[in-house]
Amino acid sequence: MSLTWKQKTRCWTQCIMSRRGRTRRSKAGTSTGQCEGPGVHVFLFWTKDGERCLSYKEGEVTAEDLTIDAAKAVGITPVCHALFALYDPVSSCWYSPNHKFNAENQSGLLVHFRMRFYFRNWHGLGEKEPLVTRHALRTGSGAEQVTCPLLEMTSLEYLFAQAKYDFVNDLTCLDALSGEEEISRFKNECLGMAVLHLSYTALQTGTSLQDVAKQTSFLRCIPLSFSRHIARNNALTRFRIRRVFANFVSNFQQHTVGMGKLGSQEIMYRYLSTLERLAPHFGVETFPVFHLDLRTDGDGSGSYLIASRTQTPSEETVNCEPAYEIRVSGSTGIWWRKLPAQKVNDYIHNKSRETQSQDEQEMDNWKTFCDFPEISLIAIQGVNICISRQDNMSMDMHLGSSLQARSLVSLLDGYFRLTTDAHHYLCHEVAPPRVVLSETNDLHGPILDEFVLQKLKKEPEEGAFIVRWSVLDYHRIILASLSQTKEGENPIYKQFRITQKGSMFKLEGWDQEFSSIKELTSSLKTFVLKSGEDSFTLKKCCLPRPGELSNLLVMRKGANSSIKTVSETLNLSQLRFHQIKDKEITKEQHLGRGTRTNIYAGWLKIHGSLEDDDNESNNNLCNKKGIRVVLKILDQSHKDIALAFFETASLMSQVSHCHLVFVHGVSVKGSENIMVEEFVEFGPLDVFLHREKGHVTPQWKFTVAKQLASALCYLETKRLVHGNVCGKNILVVRNGLEEGSSPFVKLSDPGISLSALSRGERVERIPWIAPECIADGARIGSAADQWSFGATLLEICNNGDLPISGSTLPEKERFYETQSRLAVPSSQELASFISMCLTYDPAGRPSFRTILRELTEIQIKNPDISSECESLPDRDPSIFYKRYLKKIRDLGEGHFGKVMLYVYDPGNDGTGEYVAVKALKQESGSNLHDSWMKEIEVLKSLYHNNIVKYKGCCTELGGQVVQLIMEYLPLGSLREYLPKHRLGIAQSLLFAQQICMGMDYLHSKRYVHRDLAARNVLVENEGVVKIGDFGLTKYIPEGEIYYRVREDGDSPVFW
């Protein structure tokens, strides 16, 4: 039974291009006939001189080398080169830029040089779609955005030739047709495309459209399937079609081409815009996927790949049927869908197209995964791919072959550079060699002069320079610099050319060659460059910044504006957080101290019903009391920084990421300002590592590090800075020590902002705080978090410890002043990576996307992460950290100070010791500080069984506040003990004897107590008392037998 016209039309309008994953070979085989013989052959759709093939018969070349040679042969500039790639029509796959071909081992490989990366409506003729352009600078303040076309003329010519080839050879994904009206419209559109095709030829050859139509049949300008259908019609029908086309050509020549209303560029624009209309998925690639899994558990990108590697799956998927499809569009990003059963069968068995209409409704069920700026990381292992989004959701896929997997990853990587960051690659496995070279040598891409000049003018220091690839020559690099002139005169802008010859680089006018650009520029810093009468000194290289705007980025007005809106919805100028009533929270035990805050466990009452998913996602532990929470209460003595406290709460309330602690809101309870946060079961990471260091594995540590990096990457894309990244601010939600489980951590709030801290408090945070943040009034950016991440990663490798963290403040400052470096792990790759983060130049630190990429690469190799410093110095037992002090109750109070009972629990496991903590009252004047420090020094120098033992000190506010830590004697003072216990004569004499022994020891050290009384003698048990409170103790100088009163208020006290 013969097919109807409608059925035939459907047959040849189905997508059969590689972008559907099941391409037929071209029917126009004669066009590639000259690309024959052994070696690698690159087929070109168009060149100015008519050359159609480049052949390579010896040596090893990369796909990038071939595309550069092809682009030079066509005349495509380096700016547009990023849109092109190599396509294999046999395997229906694209080669990644770093794919290596050994020409001598190829019996005859034919690849097509094609424009792969496509953005709809780049021509601006689509009224219903946003215009796509390159980024351009505004011409002045308040001026409208200047548009820069996506394509240059040569690239347009090539795309036009490629589109004609695809259209005529049925390689374009044409739209499905239904109804006679749509079929008739499609016929007319095809004939219109033929007219445009012939009109372009007429303009290029300088002949009339009618003459070209006589020489070239319109049947060669329409799809082959349509042409064959016409050929099968009867003679009368064929005559009518030719008559209609001839009239169409005559009218078009008379009213359009002949009158000069349409030039070559306009014809190409119209041809391509019509093709977009006929083929809604033109430029879209679709990949069959055999397994797909969406994960939101935050296990960390790449863990799936490592698990799959241990399962040793077969490299190629044989005799399996794809269950999903992935669609990638330059305009809308990544989409996916589950295939209906009929579609699955059709992939393998190629069933009749007639049955597909039954599944059309189900087939349109596409779901969006993400747009390119939302991608944080891509990891690939064989046929397995993991794509991670900024919110830490990931998509794991299993494709049919490793070549197909690399084809998909290279597509996403290329679109990411075109839309988000022109200088970043998402994955080592498909990284373009030239992009890798640029990153290693601080090279910009081929950006235009106006962007170079703008960037140089923003640099405050003299001697700034930029190194970039030429916009015209693929093997030339431009070094641009500004020379300072007299005040009021414009600086002189000068460019110096560097030539690339193979792997060597040479500055024009200088005979010396260098193996890298970095080596060349470092050498130039020792010279003064002369250009006529102008002199140029090179001091600082301006590096590419993450997401930097330039002509290399494609602006998709719909997509880019939506992404920008998402990243800029945070209004940090206004405080935004949920206000919690004081009756809704219940305060329980004290958990420790933070910077100018006290931390308590507590409960938050729930009104109404909460969804279980919400409770689980925010780590909520619910019972009749409500939700278990942590209460951070600002010290009442620091009310002056309440605004900074609320700003932190506002910031954390406006961000949402699975690896950021959830802030429920703020409560003002009387004079208390309280931040209410989720409770995390296993506590701070550094404490956890101290406790479990024998059980955590290197892979455990890498997973935790990547989860931290993903949270910071999320903040970086929103241009937010945390400012206090360290082990104690990372909380362990799931320990991941059980077999089959993985750890899960969250980054807590940063606390009081750096700007509100004293210099001493900032110095205390060395080595986690970035060096540029120490100075007063320093502006901090994401680079500060990058330094902190490097220090924290080192802390994780060292099981929660870091060298110099317990050093004195002067020692810490000296460490930064001398630009000293911390001991790094023995793994050279990991050590190099940490050193990148801990560079003293903020501009030289890697972005968090780069950090995620490098961590994934290192994690797969599973290196040794033990430190070169095998044994860190033991902690000073006399140094107590405020965060581990958990208050129990007040013990007593004097005129100037008070004593409190705390539990010091650094293990956070309930095994801490009870200690007595003595501190000056907040209202005490500064004049008592010296006396207080003398008391501490006195007690520190004493050691006797009948004198209260000194344990250590705890400092706050950069050493401005010092607390004395002493042993806790549970029975209190003699004044409290005696009324409650009847002492016999023997016990009374024993206590008196012990007091005398203690005083005798004190006098032997030349100290006079001056405040000996029952209230200052403490009872340890029924047989031991100890002397305490040395606030009025005086030292008798050598050679003297008594002390002299020399200061007011220094007179003795008699009892």
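Here are the numbers for this structure:
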| item | result |
| --- | --- |
| Any hit, segment 692-706, residues being part of a loop (DSSP other than H, G, I, E, B), among the charged types (D, E, K, R) and either farther than 26 Å from residue 372 by Cα or at pLDDT 90 or above (or both) | yes |
| Check on residue 76, part of a helix (DSSP H, G or I), at pLDDT 90 or above and surrounded by 18 or more Cβ atoms within 10 Å (Cβ to Cβ) | no |
| Which numbered condition residue 137 misses (of (1) within 29 Å of residue 48 (Cβ to Cβ); (2) at pLDDT 85 or above) | (1) |
| Index of the failed condition, residue 728 passing every other in (1) among the charged types (D, E, K, R); (2) under 21 Å from the mean Cα position of the chain (by Cα); (3) not in a loop (DSSP other than H, G, I, E, B) | (2) |
| Residue within segment 253-260 that is closer than 30 Å to residue 119 by Cα and not in a helix (DSSP H, G or I) present | yes |
| Residue list for segment 385-416, restricted to those being part of a strand (DSSP E or B) and over 18 Å from the mean Cα position of the chain (by Cα) | 385, 396, 397, 398, 399 |
| Hits in segment 251-298 - residues which are at pLDDT below 85, over 24 Å from residue 187 (Cα atoms) and in the same structural domain as residue 172 (by the TED database) | 258, 259, 260, 261 |
| Count of residues meeting criterion [at pLDDT below 80 and closer than 30 Å to residue 678 by Cα] in segment 534-586 | 14 |
| Residues being in contact with a Ser or Thr (Cβ under 9 Å, 6 or more places away or on another chain) and either in a helix (DSSP H, G or I) or not assigned by the TED database to the domain that holds residue 462 (or both) - total across segment 480-521 | 2 |
| Selected residue [of a type in the set (Gly, Ala, Ser) and free of Cβ contacts under 8 Å to residues at least 40 places away in the same chain] from 777, 760, 800, 790 | 777 |
| Tally, over segment 438-454, of residues that are touching a Leu at 6+ places or on another chain (Cβ under 7 Å), in a helix (DSSP H, G or I) and under 18 Å from residue 82 (Cα atoms) | 0 |
| Whichever residue in segment 496-544 is exposed (fewer than 15 other Cβ atoms within 10 Å of the Cβ) and touching a helix residue (DSSP H, G or I) at 6+ places or on another chain (Cβ under 8 Å) and, among such residues, is nearest to residue 847 (Cα to Cα) | 516 |
| Condition met for residue 938 (within 30 Å of residue 807 (Cβ to Cβ), modelled with pLDDT of 85 or more and crowded, with 16+ Cβ neighbours inside 10 Å) | no |
| Unmet criterion (only one of (1) within 30 Å of residue 716 (Cβ to Cβ); (2) without any contact (Cβ under 8 Å) to a residue 60 or more places away in the chain; (3) surrounded by 15 or more Cβ atoms within 10 Å (Cβ to Cβ)) for residue 466 | (2) |
| Long-range neighbours under 6 Å by Cβ, at least six apart or interchain, first residue over 15 Å from residue 92 (Cα atoms) within segment 272-291, second polar (S, T, N, Q) and modelled with pLDDT under 90 | 279/172; 290/317 |
| Complete set of residues in segment 737-754 that are buried (at least 18 other Cβ atoms within 10 Å of the Cβ) and out of contact with any strand residue (DSSP E or B) (no Cβ under 7 Å at 6 or more places or on another chain) | 742, 750, 752, 753, 754 |
| Unmet criterion (only one of (1) surrounded by fewer than 21 Cβ atoms within 10 Å (Cβ to Cβ); (2) more than 22 Å from residue 714 (Cα to Cα)) for residue 757 | (1) |
| Matching option when the condition is of a type in the set (Gly, Ala, Ser), modelled with pLDDT of 75 or more and more than 30 Å from residue 686 (Cβ to Cβ), among 892, 925, 912 | 892 |
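The values are calculated or read from the model by the stated rules, or taken from the named source; none is laboratory data. The model shown is predicted, which means the values in this text are computed figures rather than measured ones. Ideal geometry is used to build each Cβ from the backbone, glycine not excepted, and the neighbour counts take in all protein chains shown.
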